[in-house]
Amino acid sequence: MTAARGPLTGPVEGLVLAAGAGRRFGGVKQLAPLDGRPLLEHALRALTGSPALDGVVATLGADAERIAAAVDLHGARPVLVEAWQEGIAASLRTGVAALRPATQAVVIVLGDQPGVTAEMVDRVVAAGRATNRAAARAVHGGRPGHPVLLRRELFALVARLNGDRGAGALLDTVPTVTVECGAAAVLDVDRPGDLPR
């Protein structure tokens, strides 16, 4: 894979992956209350609150109708992942396929990462625009996390992902710039006991 040619100047959209069933959580994780709002809403607010983005897509799958009725999407476009039981790859493929044709890059956040902020999103987009590398990602102490920016040249590779794995293996094979974003970049909610963090 070669580096992207030229600067990233076109539109960038956000993508919240939230189609999973949250089996380890033991319930509808997206609706778990945190600071007076459903868990999913925190990630949505981070992306929709970023001036660096030109739109946001949110993937829903398990309990989609219930989640859509209970969560303020803050203007994000919901997309149904029919094959959500396959795992995160299905959510990623569906979300990227739903981006607008003019979109030149996507910033991906997990729906169970309530600590991600609009400022983190802005920093990752700025890093992506300042380099000719194919991707940019948030890290904490060298540990990879989210948000993650992928340029359009990687979308065809995303379309070939499968199973319960995201873009991590893909990022290991392409030129990527890293952005130190603090502990929030690597913290997610797997079980109810994670919420107090």
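Observations
- Restricting ALA62, ALA18 to those that are touching a helix residue (DSSP H, G or I) at 6+ places or on another chain (Cβ under 7 Å), among the small types (Gly, Ala, Ser) and touching a residue at least 60 places away in the same chain (Cβ under 8 Å) reduces the list to ALA18.
- Index of the failed condition, ASP112 passing every other in (1) outside any helix (DSSP H, G or I); (2) touching a strand residue (DSSP E or B) at 6+ places or on another chain (Cβ under 7 Å); (3) under 15 Å from ALA18 (Cα atoms): (2)
- Among (1) assigned to a loop (DSSP other than H, G, I, E, B); (2) touching a residue at least 40 places away in the same chain (Cβ under 8 Å) - the single one LEU47 does not satisfy: (1)
- Any hit, the stretch 133-142, residues being touching a residue at least 12 places away in the same chain (Cβ under 8 Å), in contact with a strand residue (DSSP E or B) (Cβ under 8 Å, 6 or more places away or on another chain) and in a helix (DSSP H, G or I): no
- Selection within the stretch 101-148 - aliphatic (A, V, I, L, M), under 13 Å from VAL177 (Cβ atoms) and surrounded by 24 or more Cβ atoms within 10 Å (Cβ to Cβ): ALA105, VAL124, ALA134, ALA135, ALA136, ALA138, VAL148
- When the stretch 2-40 is limited to residues that are surrounded by 23 or more Cβ atoms within 10 Å (Cβ to Cβ) and more than 28 Å from PRO101 (Cβ to Cβ), the one that is modelled with the lowest pLDDT turns out to be LYS29.
- Complete set of residues in the stretch 27-44 that are in contact with a strand residue (DSSP E or B) (Cβ under 8 Å, 6 or more places away or on another chain) and either assigned to a helix (DSSP H, G or I) or closer than 20 Å to THR9 by Cα (or both): GLN30, LEU31, LEU39, LEU40, HIS42, ALA43, LEU44
- Selection count where residues are of a type in the set (Asp, Glu) and in a helix (DSSP H, G or I), scope the stretch 79-109: 1
- Qualifying positions in the stretch 9-26 - under 26 Å from LEU149 (Cβ atoms), part of a loop (DSSP other than H, G, I, E, B) and either in contact with a strand residue (DSSP E or B) (Cβ under 6 Å, 6 or more places away or on another chain) or not polar (S, T, N, Q) (or both): GLY10, PRO11, ALA19, GLY20, GLY22
- Subset tally (residues that are farther than 22 Å from THR117 by Cβ, surrounded by fewer than 16 Cβ atoms within 10 Å (Cβ to Cβ) and not acidic (Asp, Glu)) for the stretch 41-85: 7
- Every test in (1) under 25 Å from VAL28 (Cα atoms); (2) surrounded by 23 or more Cβ atoms within 10 Å (Cβ to Cβ); (3) not aliphatic (A, V, I, L, M) is passed by GLY163 save one, and that test is (2).
- Among the residues of the stretch 144-197, those identified as modelled with pLDDT of 85 or more and assigned to a loop (DSSP other than H, G, I, E, B) are ALA159, ARG160, LEU161, ASN162, ASP172, THR173, VAL174, PRO175, CYS181, GLY182, VAL186.
The values are calculated or read from the model by the stated rules, or taken from the named source; none is laboratory data. These numbers were taken from a predicted model, which means no experiment stands behind them. Don't worry about glycine lacking a Cβ; one is built from the backbone with ideal geometry, like all the others, and counts go over all protein chains shown.
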